[in-house]
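Worksheet: one structure, shown below.
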Amino acid sequence: MQVQWFPGHMTKASREIKENIKKVDIVIEILDARVPYSSRNPLLKKITAHKKRIILLNKDDLADPAATKLWLNYFESEEGTLPLAVSAQNRKSLSRISPAAKELCAGSRWLDRRPVRAMILGIPNVGKSTLINALAGKKKAGVANMPGFTKEMQRFDAGPGLQIFDTPGMLWPKFEDMHSGFNLAALGSIKDTILPIERIALFTVPYLISQYSKDVKARYKWDDIPEDPVIFIDELGKKRGCIVSGGSVDREKACYLLLKELREGKIGRISLERPGEERKIKGDGV
Ligand code: G4P
């Protein structure tokens, strides 16, 4: 199964980024701290590859701190990259962005004359608007006085010495790596209608069992977690009253419930991938 992802406006977005990338000093790439690999658009990475970058692992408040630490180490080893774990909903965590931007540009002659210009990139739902609102508040600057930038590139003053240029959120042409698609679907970053909800849940359950059995046991008051994902869902459905008339489990409802609680952080601070994990995909992903 392949999911096609590249409507016309995304093609336009990628053209715009290519046109404007020369005019900024650095890139700020926002990833979801719970799925940094899956939320990284390889196309965005490719068209901005020559730029130094800050990688923001956003939604850190929902991610597993131990996994985030591994990801920070992982991205630190990428040349010209400065990773930070942040929560766009917590302004305090954002105060390190502007100093990090200056650090990346240290030694540039223009640095004491003008702010660092950063292009901000991220797939939809990663928290770009929340982040921009927190950084720039209502002071969204106009673009008219910035010759050379296309109209669509909105500019924001984002703290001392940093200007941000916004881009439309972009998914990638198609999920050749279905693993990424399922991870994003599990966290609600792509619409539930695109992939069947039961398949998303059945894909996610084995990882929850292997990494977060304690949290799952505590949340659902389970002494022994069923190892078979289908039985897991059925047992969960029974525990939570997801029953259809006739008494059998409403599996779809149980899957929704599990994913909703996962997305809201109710099961715990959970990350769905770690660096270096073997990305084994059976058939088309589940
Ligand atoms: P986008 O511009 O990249 O598309 O994403 P946006 O800012 O709209 O954020 C997508 C969802 O993620 C929003 O929730 C937003 O509140 C939430 N979000 C963003 N950053 C963080 C974060 O650091 N931590 C947590 N926990 N959530 C974050 P929503 O449910 O779609 O909307 P709403 O409930 O905020 O209205």
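Just to verify a result, which residue in segment 81-138, among those that are in a loop (DSSP other than H, G, I, E, B) and among the hydroxyl-bearing types (Ser, Thr, Tyr), is farthest from the ligand (Cβ to nearest atom)?
So, considering only residues that are in a loop (DSSP other than H, G, I, E, B) and among the hydroxyl-bearing types (Ser, Thr, Tyr), the one farthest from the ligand (Cβ to nearest atom) is SER108.
Scan segment 185-192 and tell me whether some residue there is of a type in the set (S, T, N, Q), open to solvent by 20 Å² or more (accessible area, probe 1.4 Å) and modelled with pLDDT under 95.
no
So that you can scan it fast, the table gives a plain yes or no per residue for (1) modelled with pLDDT of 95 or more; (2) not in a loop (DSSP other than H, G, I, E, B):
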{"residue": "LYS12", "(1), (2)": "no, yes"}
{"residue": "ARG15", "(1), (2)": "no, yes"}
{"residue": "LYS18", "(1), (2)": "no, yes"}
{"residue": "ILE28", "(1), (2)": "yes, yes"}
{"residue": "VAL35", "(1), (2)": "yes, no"}
{"residue": "SER39", "(1), (2)": "no, no"}
{"residue": "LYS46", "(1), (2)": "no, yes"}
{"residue": "LEU57", "(1), (2)": "yes, yes"}
{"residue": "ALA63", "(1), (2)": "yes, no"}
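Given (1) modelled with pLDDT under 95; (2) of a type outside the set (Val, Ile, Thr); (3) touching a strand residue (DSSP E or B) at 6+ places or on another chain (Cβ under 7 Å), identify the lone condition not met by LYS92.
(3)
Inspect segment 65-82 for any residue being over 28 Å from GLY276 (Cα atoms), touching a helix residue (DSSP H, G or I) at 6+ places or on another chain (Cβ under 6 Å) and either open to solvent by less than 10 Å² (accessible area, probe 1.4 Å) or not basic (Lys, Arg) (or both) and give the result as yes or no.
No, there is no match, as no residue in segment 65-82 is over 28 Å from GLY276 (Cα atoms), touching a helix residue (DSSP H, G or I) at 6+ places or on another chain (Cβ under 6 Å) and either open to solvent by less than 10 Å² (accessible area, probe 1.4 Å) or not basic (Lys, Arg) (or both).
Got a sec? Which of LYS52, LYS59 is farther than 30 Å from SER213 by Cα and charged (D, E, K, R)?
Matching residue, one of LYS52, LYS59: LYS52.
Does segment 224-231 include one or more residues that are open to solvent by 60 Å² or more (accessible area, probe 1.4 Å) and either at pLDDT below 95 or within 16 Å of the ligand (Cβ to nearest atom) (or both)?
Yes, segment 224-231 contains a residue that is open to solvent by 60 Å² or more (accessible area, probe 1.4 Å) and either at pLDDT below 95 or within 16 Å of the ligand (Cβ to nearest atom) (or both).
Taking ARG96 as the residue in question, decide whether it is closer than 16 Å to ILE164 by Cβ and either open to solvent by 20 Å² or more (accessible area, probe 1.4 Å) or of a type outside the set (A, V, I, L, M, F, W, C) (or both).
Criteria met by ARG96.
Out of THR204, THR167, report the one residue that is open to solvent by less than 30 Å² (accessible area, probe 1.4 Å) and modelled with pLDDT of 90 or more.
THR204
Cβ-Cβ below 8 Å, separation at least six or inter-chain, first residue in segment 206-234 and outside the structural domain of ARG34 (by TED's automatic domain parsing), second aromatic (Phe, Trp, Tyr): which pairs?
ILE209/PHE232; VAL216/TRP222; ILE225/PHE232; PRO226/PHE232
The values are calculated or read from the model by the stated rules, or taken from the named source; none is laboratory data. Remember, predicted model here, so these are calculated numbers, not experimental data. For neighbour counting, all protein chains shown are included, and Cβ atoms are generated from backbone atoms with ideal geometry for every residue, glycine included. Ligands, DNA and RNA are stripped out before the accessible areas are found, and what is left, the full protein with its side chains, is counted by its heavy atoms. Shrake-Rupley method; radii C 1.70, N 1.55, O 1.52, S 1.80 Å.
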